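What follows is a single structure, written as structure tokens, with notes after it.
Values quoted throughout were computed directly from the atomic coordinates according to the rules given, and no laboratory measurement underlies them. Note that the structure is predicted; figures quoted are calculated from it, not measured. A quick note on method: Cβ atoms are made from the backbone with ideal geometry, for glycine too, and the neighbour counts reach across all protein chains shown.
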Amino acid sequence: MVTAQSDLDVVVSFVFVVRDEFGARIERMKQVISTKDAPAAVGPYSQAIRAGSMVFCAGQIPLDPKSGQIESQDVGEQAKRVLENIGAVLEAAQLNFSHVVKTTVFLVDLADFQTVNAIYAGFFRENPPARSTVQVSALPKGARVEIEAIAVANDGSGGKTASDTSG
């Protein structure tokens, strides 16, 4: 005869087996990407995480990797530093800007959009990624711009641009 307690014991055992098995798989799939060529994280997060073929880059602000400080208040210089920092993180993941599929740009002042866009365009010359740009009230350490990126390693498309095939 099966009792409620023995059924509960079976369910609990199953939950622990599933949790342990899938938890181990997730840990094997998740790889922390870190480099001294980009600023160290200023909180409890990683510079980037690789999960399978995808690399999720944390938002970068214009910190100099050596000094850990923002060295210019000029938004164009800040945008350049941010993108150089992202480039260093991508390189640590053995990727480059051509692998980036999505970015999010955070600006303290949308009036800076054209300046940041001009710098951004120099880093994404061909097939630029999808992008969102939003204005925020403030950024860490008084930065004027922050950018986060998602990249895909060898997505199988051979870097081709998708075309409208709707007919």
Fill in: Relative contact order for segment 29-152, counting Cα pairs under 8 Å that sit 6 or more residues apart, in percent
31 percent
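List the trypsin sites (Lys or Arg not before Pro) in segment 52-86 that DSSP assigns to loop (not H, G, I, E or B) and whose Cβ has at most 11 other Cβ atoms within 10 Å. Which are they? Before the final figure, lay out the partial values.
On the way: sites: Lys66, Lys80, Arg81; in loops: Lys66.
Answer in residue order: Lys66.
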Practice prompt. Can you work out the PRE-style zone for Ser137? Point 7 Å along Cα to Cβ, and I want the residues of segment 107-123 with backbone N under 19 Å.
Written response: 107-111
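Grab the other residues whose beta carbon is less than 14 angstrom from that of Val75, score K and R as +1, D and E as -1, and report the net.
Working: positive: Lys80, Arg81, Arg144; negative: Glu71, Asp74, Glu77, Asp109, Asp112, Glu146.
Surrounding charge for Val75 is -3.
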Worksheet, complete the sentence: With label points set 7 Å from each Cα along the Cα-to-Cβ direction at Glu126 and Phe56, the distance between them in nm comes to 3.0 nm
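Just rank Val134, Val82, fewest to most, by other beta-carbon atoms within 10 angstrom.
Listed from fewest to most nearby Cβ atoms, that is Val134, Val82.
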Worksheet entry | Neighbour-count order for Asp109, Asp64, fewest beta carbons within 10 angstrom listed first | Asp109, Asp64
Worksheet entry | Reachable lysines from Lys66, criterion Cα separation under 24 angstrom, eight or more residues apart if same chain | Lys36, Lys80, Lys141
Fill in: Neighbour net charge for Arg131 - beta-carbon separation under 14 angstrom, K R +1, D E -1
-1
Response to the item:
Along segment 76-92, Karplus-curve 3J(HN,Hα) (6.51, -1.76, 1.60; θ = phi - 60°) to the nearest Hz, with x for Gly and Pro, reads x, 5, 5, 4, 4, 5, 4, 5, 5, 5, 4, x, 5, 5, 4, 4, 4
Discussion item. Using each residue's phi in segment 34-49, evaluate 6.51 cos²θ - 1.76 cosθ + 1.60 at θ = phi - 60° and report the 3J(HN,Hα) Karplus result to the nearest Hz, with x for Gly and Pro.
Written reply: 8, 8, 7, 7, 10, x, 5, 4, 9, x, x, 8, 9, 4, 7, 10
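Where does each of 36-49, 91-104 land if you order them by average Cβ count within 10 Å, highest first?
Numbers: 36-49: 15.0, 91-104: 17.4.
Going from most to least packed, we get 91-104, 36-49.
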Practice prompt. Collect residues whose amide H, placed 1.01 Å from N in the peptide plane, falls under 5 Å from the amide H of Thr133; neighbours closer than 5 in sequence don't count.
Written response: Val105
Item to complete: Assign one of three labels to segment 29-152, namely rounded, prolate or oblate, based on the Cα gyration tensor with a ≥ b ≥ c the square roots of its eigenvalues; rounded applies when a/c is under 1.5, prolate when it is not and a/b is larger than b/c, and oblate otherwise.
Response: oblate
